[in-house]
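Below: one structure, written as structure tokens.
The values are calculated or read from the model by the stated rules, or taken from the named source; none is laboratory data. In this text, all values refer to a predicted model and were calculated from it rather than measured experimentally. Note that each Cβ is placed from the backbone with ideal geometry, even for glycine, and that neighbours are counted across all protein chains shown. Each accessible area value is taken on the protein alone, full model and side chains, heavy atoms only, with ligands, DNA and RNA left out. Shrake-Rupley method; radii C 1.70, N 1.55, O 1.52, S 1.80 Å.
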Amino acid sequence: MVSTPSKPSNPTFHRNKSCSATHIPNGRAQRERILIRRGNMSTQGILCLLESQATRQQERPPQQSGLEKLRATVHALVIQRDQLKAKMEANKEMGSDDPGRSTRGEGAEGSEGSVNSQLLQLMARHAQLTDRLHAHHLIGGYDIIETRQGKGVCVSVATSYEGVYLERYSLEMVMAPAVKIVRHDVPVFVPLARLAEKDGALQHHLTGFLGELGRLLDGYAGRRQQLRLLKGQHVSVTVIESNAPCSLLVLTLTAPRTPPLGDVAVLCKLHYSDHTRCLPEEVTVESEDGELPETAQWKGICTLLKQTPLHKAVATLIQRRDIK
């Protein structure tokens, strides 16, 4: 007869084996839970298992759940949004109020806050204008717009005289494969082609080309404006001749003489050889009285016409009664 081995009666064998480690692998823990449900584990083994699980729970660091993190993030964003809305409403109210209200002392705290807000707005506006001026300087101070779906540009050159803006002239250019002027409204007497070809200015020195063109147009606009003012302010002076670029002017002046001599007509010619300037380089006078142009008085008049804009020089001569 074969004898069957007897089960160990000492339960300490199970206690020592189960309590030898504080961490029970997941597979082993699952097997032990199955044994508990089936009743195949001793009471001491169950106690050791529960003790081990409690130890693992104490050693596991507390962690914030993902949902709680999302809630905290949403709450912070809502607070930030409300703060931004409040600042925007304050800026709108500040813009609609009287700019000098904060300086009239309607409450110390409110006045100080208003002044600070206005100062911040002015600083932001100043920074914006500074950036625009810097960009305008980078393109040479000219207004440029894009044309031909990005393949060309239109450059506008403004003219002025004595702080008054006059005509504006435009050039449309294609930039590839080479810079080329395709359309413009520059006066025909301006040597545009010669300026473009000079030292390859149009291809390699576009800013220099536009600068030289601007000086020529400014000189022409200034001479023409002087002629307009002369005709409008001094009807006693007759303009006999003037060419298109206003580089040659012929005037008729009337010089008074003492009785019994009568008044004498004087023919005055102004030559503007430098077309970038508004003042003549040469002034000549002719008269029936051959001695009159050689007098000190008329030599001084010629010098005045060379150094003073035409309409102002004529006003000075009439005021001094050098001419009528």
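Reported count of residues in region 266-305, each being closer than 25 Å to Q225 by Cα and in a strand (DSSP E or B), is 10. The residue pairs whose first member lies in region 305-317 and is within 16 Å of T254 (Cβ to Cβ) and modelled with pLDDT of 95 or more, whose second member is of a type outside the set (A, V, I, L, M, F, W, C) and open to solvent by less than 10 Å² (accessible area, probe 1.4 Å), and whose beta carbons are closer than 9 Å, counting only pairs six or more residues apart or on different chains, are L305/P280. Filtered by the rule that a residue be without any contact (Cβ under 8 Å) to a residue 12 or more places away in the chain and either under 38 Å from the mean Cα position of the chain (by Cα) or assigned to a helix (DSSP H, G or I) (or both), region 220-253 gives R228, K231, G232. Among the residues of region 220-276, those that are small (G, A, S) and open to solvent by 60 Å² or more (accessible area, probe 1.4 Å) comprise G232, A244, S273. Filtering region 204-215 for residues that are modelled with pLDDT of 90 or more and either touching a His at 6+ places or on another chain (Cβ under 7 Å) or open to solvent by 70 Å² or more (accessible area, probe 1.4 Å) (or both) leaves a non-empty set.
Looking only at residues in region 304-324 that are out of contact with any strand residue (DSSP E or B) (no Cβ under 8 Å at 6 or more places or on another chain) and under 14 Å from E281 (Cα atoms), the one that is most open to solvent (accessible area, probe 1.4 Å) is Q307.
I'd like to know if region 183-192 contains one or more residues that are among the β-branched types (V, I, T), open to solvent by less than 50 Å² (accessible area, probe 1.4 Å), modelled with pLDDT of 95 or more and more than 23 Å from E282 (Cβ to Cβ). Scanning region 183-192 turns up at least one residue that is among the β-branched types (V, I, T), open to solvent by less than 50 Å² (accessible area, probe 1.4 Å), modelled with pLDDT of 95 or more and more than 23 Å from E282 (Cβ to Cβ).
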